[in-house]
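Here the structure comes first, spelled out in structure tokens, and everything after it is commentary.
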Amino acid sequence: VPNHMGVMESDNVWWLDVLENGPASSRAGHFDIDWEPLSEELRRKVLVAVLSDHYGAVLGNGELKLVFDAEAGEFSIFYHQHRFPIDPREYPRIIGYGLDRLADRLGPHHPLRPEFQSVVAAFGCLPGRNEVAPDRIAERVRDKEICKRRLARLCVRTPEIARFIEENIGIFNGRPGDAASFDRLHELIKAQAFRLAYWRVAADDINYRKFTDINDLAALRMESRAVFDDTHRLVLRLLAEGKVNALRIDHPDGLYDPVSYFERLQERARTRSPAASEGPPGSSPARNLYLVIEKILAEHERLPEGWPVYGTTGYRFANLVNGLFVDGASEAKMERVYAAFIGQHIDFQELLRRSKTIIMVTALASELNALAHALNRIAKADRRTCDFTTNSLRRALVGIVASFPVYRTYATDSAIREEDRRYIEWAVAVARKRSQVTETIVFDFIRDALTGRIAAGQSADYRDLAARFVGRFQQFTAPVMAKGLEDTSFYVYNRLVSLNEVGGNPRTFGVSLSAFHAASQDRARTWPHTMLATSTHDNKRSEDVRARINVLSEMPAAWRLALRRWSRFNRRKKKRLNGEFAPSRNDEYLLYQTLLGAWPLGAPDPTELDSFRARIQHYMLKAVREAKMHTSWINPNDEYEQALSSFIDALLAAPEKNAFLNDFLPFQARIARYGMFNSLSQILIKFTSPGVPDIYQGNELWDFSLVDPDNRRPVDYARR
């Protein structure tokens, strides 16, 4: 996963170095941090939004603790398991506080008194965090460690000094209930290279690129050769030793320039690895290493044949083979069943636009603002566009990204593919048509920026600004699509949820035999070594769950009648909240499909039923939060979630007095029987199709897992 790494808690030494030294860290350029953000408060700092409450409340509760590691001679702020190293240049605030008190204890002639005073002064004379000339960074790196070792030795040799430091720590850590007692700690924290904040602040103010909306996963600047070298030492060594001969690259769309990354990886592997230098039969020098990428392609999108990879990780195949077992002729009937049950017709394309917009203005608002201001700098540099306002640019960007038909484009400062140009022009045209503003010339400006037209004849600085904007835009559209489609729309549009799969399109109701054969022939010709997946760690449902749910497309009339019966059985198990019943009809519709797909083989005993009930409750809680219709991760609706949990409890009560379960089980058994044929058939097709079959966790057994974390439970090796 070259795009990002985990950075919270206290075990990422690179991130800790950045927190300690800010721009003067030797790793400052490894992470994708904006050291000059819009907020003056965050200039040359990193926003770390990890607190469970507002900063002032957390500080006043005594949850932020100053801690001294006497063996290492260094100070840190701890927030539970999270460690934030103190800038060594700020140590004098701590060890220099109350020096008269220490002098009285040691006396005027103590031999180590001058040494301690020298250490205090030495820390204060370290090069500052904003001195980023290489020689000053090297001096800081060297001298701060010398000072720490001197301080550690003094603590060992002089108990009075160790006790003095512990007393000062107690003073700085304050007393809950006495607000003024935290003033010193607050001033110390303010002086650091990090700004601690409430986790909700991240959406608007965070100034480092992260993986989608996960603050714990900080993005890396993999376009830098130094970053590539530092992060690939282990994998290149394993290739050189012959212990690894192939690589799967996850989340490549987060990279600034994915194609250059693939080329560099192939080149380095070729020079380091005997295995990679051979390659599969028919391989070219540019793609000797067997490399597959987790690239999610739209239905109309093709993987560029010139890329130095052997294909994708197989999501397209998973959706193609799954579609074979969906009866396309029943689409209209299934649509009527769904619309009648939930009481409305859902326009999926409109839902997707709305979902992507919600993601942009909430979870990824800080990235959107940064993108708008980057575009504004370009506009202000040319008299023909200098009147565009930041707000007008931001609104236009939202419309364009919401209408984007693919995860991202792959333009560089030197070239743009015709396919990418068409995607951009199509998205701009749709956004312009839907725009509520009277003057739409701003859309032409953004189109020209994204296609490289505005850079022609401009200065080098202008061209650099334009190129950086295009790169950032491309890194932005991918997470917006992922969160808006996979993690929002897929949990709202529940017509036939076996189609709501990564890389899939719920509007494509079935795949014909001729279309499947045509795709197989094309794959044999263009990507014969691509992976063929049916289940992965990122699936919304395992292949066996999808195979069962697909059966519903072959029996829409029976499905409609079953829904009518089950809804009648379970009506009184709902709760009325604010004039509406909970759970909603749409969530109920999803729940019934989930139960049909995930129900265990055989009759579960009471313990197994309890375990299954808990799994379904956890799954449905995630589903309704992802849908963001009645509750969400950011603003949980406890009443709705409790009503949903109670509803599931009632549905899955002991079958002896459970009319619903007694009616459900025979219907489910019928679905499960046909689902088995579907499952076995798709496995046979996978093993005989052009490509390399990927078998998730062995998968020798029936697997009725749902979305993570359900599909990432420990593997039962004994059963296998």
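Specify which of the listed residues (68, 78, 31, 84) is loosely packed, with under 15 Cβ neighbours inside 10 Å and either more than 18 Å from residue 142 (Cα to Cα) or in contact with a Phe, Trp or Tyr (Cβ under 6 Å, 6 or more places away or on another chain) (or both). Steps first, answer last, please.
Numbers: 68 fails: loosely packed, with under 15 Cβ neighbours inside 10 Å; 31 fails: loosely packed, with under 15 Cβ neighbours inside 10 Å; 84 fails: loosely packed, with under 15 Cβ neighbours inside 10 Å.
None of the other options fit; the residue is 78.
Under the condition of being touching a residue at least 24 places away in the same chain (Cβ under 8 Å) and hydroxyl-bearing (Ser, Thr, Tyr), which residue from the range 405-439 is surrounded by the most Cβ atoms within 10 Å (Cβ to Cβ)?
409
Which of the helices (runs of 4 or more DSSP H) found entirely inside the range 1-111 contain at least 1 residues meeting this: among the β-branched types (Val, Ile, Thr)? Quick ask: steps written out before the conclusion?
Numbers: elements: 13-21, 55-60, 92-95, 99-106.
Result: 13-21, 55-60, 92-95.
Please state which one of 97, 91 is surrounded by 20 or more Cβ atoms within 10 Å (Cβ to Cβ), over 26 Å from the mean Cα position of the chain (by Cα) and touching a residue at least 12 places away in the same chain (Cβ under 8 Å).
Numbers: 97 fails: surrounded by 20 or more Cβ atoms within 10 Å (Cβ to Cβ).
Criteria check complete, one pass: 91.
Please verify whether the range 483-492 includes one or more residues that are under 19 Å from the mean Cα position of the chain (by Cα) and small (Gly, Ala, Ser). Walk me through how you get there before you give the answer.
Pass one, the range 483-492, residues under 19 Å from the mean Cα position of the chain (by Cα): 483-491.
Pick out the ones that are also small (Gly, Ala, Ser) and you get 484, 489.
Scanning the range 483-492 turns up at least one residue that is under 19 Å from the mean Cα position of the chain (by Cα) and small (Gly, Ala, Ser).
What number of residues in the range 655-696 are of a type in the set (S, T, N, Q) and without any contact (Cβ under 8 Å) to a residue 60 or more places away in the chain?
Kept after step one, since they are of a type in the set (S, T, N, Q), are these residues of the range 655-696: 658, 662, 668, 678-679, 681-682, 688-689.
Checking which are without any contact (Cβ under 8 Å) to a residue 60 or more places away in the chain leaves us with 658, 662, 688.
Qualifying residue count, the range 655-696: 3.
So residue 544 fits all but one of (1) of a type outside the set (A, V, I, L, M, F, W, C); (2) closer than 17 Å to residue 504 by Cβ; (3) outside any helix (DSSP H, G or I); what number is the exception?
So residue 544 meets the others, but not (3).
Being of a type in the set (Lys, Arg) and touching a Phe, Trp or Tyr at 6+ places or on another chain (Cβ under 9 Å): is that true of residue 140 here?
Numbers: of a type in the set (Lys, Arg): yes; touching a Phe, Trp or Tyr at 6+ places or on another chain (Cβ under 9 Å): no.
Criteria not met by residue 140.
Checking the condition touching a residue at least 40 places away in the same chain (Cβ under 8 Å) and either in contact with a Ser or Thr (Cβ under 8 Å, 6 or more places away or on another chain) or of a type in the set (Asp, Glu) (or both), which residue from 504, 510 passes? Steps first, answer last, please.
Working: 504 fails: either in contact with a Ser or Thr (Cβ under 8 Å, 6 or more places away or on another chain) or of a type in the set (Asp, Glu) (or both).
On inspection, the qualifying residue turns out to be 510.
Could you give every pair whose Cβ atoms fall below 8 Å, whose first residue belongs to the range 325-340 and is in contact (Cβ under 8 Å) with a residue 24 or more places away in the chain and at negative phi, and whose second residue is charged (D, E, K, R) and in a helix (DSSP H, G or I), counting only separations of at least 6 or pairs across chains?
327/554; 330/554; 337/560; 340/560
Among the residues of the range 637-660, are any under 30 Å from residue 292 (Cα atoms), in contact with a helix residue (DSSP H, G or I) (Cβ under 9 Å, 6 or more places away or on another chain) and modelled with pLDDT of 95 or more? Even if it seems obvious, please write down each step before you answer.
Step one: list which residues in the range 637-660 are under 30 Å from residue 292 (Cα atoms), which gives none.
No: the range 637-660 contains no residue that is under 30 Å from residue 292 (Cα atoms), in contact with a helix residue (DSSP H, G or I) (Cβ under 9 Å, 6 or more places away or on another chain) and modelled with pLDDT of 95 or more.
Working only within the range 377-424, note down all residues that are of a type in the set (Lys, Arg) and either in contact with an Asp or Glu (Cβ under 8 Å, 6 or more places away or on another chain) or closer than 21 Å to residue 484 by Cα (or both).
Step one: filter the range 377-424 for residues of a type in the set (Lys, Arg), giving 377, 380, 383-384, 394-395, 408, 417, 421-422.
Matches in the range 377-424: 394, 395, 408.
Given the options 582, 598, name the one that is of a type in the set (Gly, Ala, Ser), in contact (Cβ under 8 Å) with a residue 60 or more places away in the chain and farther than 21 Å from residue 546 by Cβ. Talk me through it step by step, then tell me what you get.
Working: 598 fails: farther than 21 Å from residue 546 by Cβ.
Exactly one residue qualifies, and that residue is 582.
If you scan the range 678-720, which residues turn out to be in a loop (DSSP other than H, G, I, E, B), more than 25 Å from the chain's Cα centre (by Cα) and closer than 28 Å to residue 526 by Cβ?
689, 690, 691, 699
Given the options 358, 346, name the one that is surrounded by fewer than 22 Cβ atoms within 10 Å (Cβ to Cβ), among the β-branched types (Val, Ile, Thr) and assigned to a helix (DSSP H, G or I). Please lay out each step first, then the result.
Numbers: 346 fails: assigned to a helix (DSSP H, G or I).
Matching residue, one of 358, 346: 358.
Let's see how each residue does on (1) part of a strand (DSSP E or B); (2) among the hydrophobic types (A, V, I, L, M, F, W, C):
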| site | (1), (2) |
| --- | --- |
| 170 | no, no |
| 188 | no, yes |
| 197 | yes, yes |
| 218 | yes, yes |
| 228 | no, yes |
| 237 | no, no |
| 266 | no, no |
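Could you count how many residues in the range 586-607 are surrounded by fewer than 16 Cβ atoms within 10 Å (Cβ to Cβ) and either modelled with pLDDT of 95 or more or not in a helix (DSSP H, G or I) (or both)? So that I can check it myself, show each step before the final result.
So in the range 586-607, the residues surrounded by fewer than 16 Cβ atoms within 10 Å (Cβ to Cβ) come out as 600-603, 605-607.
Now narrow it down to the ones that are either modelled with pLDDT of 95 or more or not in a helix (DSSP H, G or I) (or both): 600-603, 605.
Qualifying residue count for the region: 5.
For the range 522-535, name all the residues that are in contact (Cβ under 8 Å) with a residue 12 or more places away in the chain and not aromatic (Phe, Trp, Tyr). Before the answer, list the steps.
Of the residues in the range 522-535, the ones in contact (Cβ under 8 Å) with a residue 12 or more places away in the chain are 523-524, 526-535.
Passing the criteria: 523, 524, 526, 528, 529, 530, 531, 532, 533, 534, 535.
Which residue is surrounded by the fewest Cβ atoms within 10 Å (Cβ to Cβ), if the candidates are limited to the range 370-400 and must be of a type in the set (Gly, Ala, Ser) and under 15 Å from residue 461 (Cβ atoms)?
381
Starting from residues that are buried (at least 18 other Cβ atoms within 10 Å of the Cβ) and among the basic types (Lys, Arg), keep the ones in the range 199-221 and report whichever is farthest from the chain's Cα centre (by Cα).
209
Which one of these does residue 620 not meet: (1) outside any loop (DSSP other than H, G, I, E, B); (2) in contact (Cβ under 8 Å) with a residue 60 or more places away in the chain; (3) surrounded by 19 or more Cβ atoms within 10 Å (Cβ to Cβ)?
Only one criterion in (1) outside any loop (DSSP other than H, G, I, E, B); (2) in contact (Cβ under 8 Å) with a residue 60 or more places away in the chain; (3) surrounded by 19 or more Cβ atoms within 10 Å (Cβ to Cβ) is unmet by residue 620, namely (2).
If you take the residues of the range 166-198 that are of a type in the set (Val, Ile, Thr) and surrounded by fewer than 20 Cβ atoms within 10 Å (Cβ to Cβ), which of them is nearest to residue 481 (Cα to Cα)?
The first filter runs over the range 166-198 and keeps only residues of a type in the set (Val, Ile, Thr), leaving 169, 171, 189.
When the remaining residues are screened for being surrounded by fewer than 20 Cβ atoms within 10 Å (Cβ to Cβ), the result is 169, 171.
Details: 169: 47, 171: 49 Å.
In this case the residue turns out to be 169.
Which of the residues that make up the range 481-502 are touching a strand residue (DSSP E or B) at 6+ places or on another chain (Cβ under 9 Å), outside any loop (DSSP other than H, G, I, E, B) and under 19 Å from residue 314 (Cα atoms)? Spell out how you get there, then give the answer.
Quick first cut of the range 481-502, residues touching a strand residue (DSSP E or B) at 6+ places or on another chain (Cβ under 9 Å) only: 497-498, 500-501.
With the extra rule that they be outside any loop (DSSP other than H, G, I, E, B), the set shrinks to 497-498.
498, the sole residue that qualifies.
Give me a count of the residues in the range 97-148 that are modelled with pLDDT under 95 and among the small types (Gly, Ala, Ser).
3
Could you please give the count of residues in the range 121-134 that are assigned to a helix (DSSP H, G or I) and crowded, with 17+ Cβ neighbours inside 10 Å?
Counting residues in the range 121-134 that are assigned to a helix (DSSP H, G or I) and crowded, with 17+ Cβ neighbours inside 10 Å gives 2.
Any residue in the range 627-640 that is part of a loop (DSSP other than H, G, I, E, B), of a type in the set (Lys, Arg) and closer than 15 Å to residue 583 by Cβ?
Quick first cut of the range 627-640, residues part of a loop (DSSP other than H, G, I, E, B) only: 628-637.
Imposing the further condition that a residue be of a type in the set (Lys, Arg) reduces the set to 628.
Next cut, closer than 15 Å to residue 583 by Cβ only: 628.
The answer is yes, given that some residue of the range 627-640 is part of a loop (DSSP other than H, G, I, E, B), of a type in the set (Lys, Arg) and closer than 15 Å to residue 583 by Cβ.
The values are calculated or read from the model by the stated rules, or taken from the named source; none is laboratory data. In this text the structure is predicted, and so the values were computed from the model without any measurement. Every residue, glycine as well, gets a Cβ built from its backbone with ideal geometry; the counts of neighbours run over all protein chains shown.
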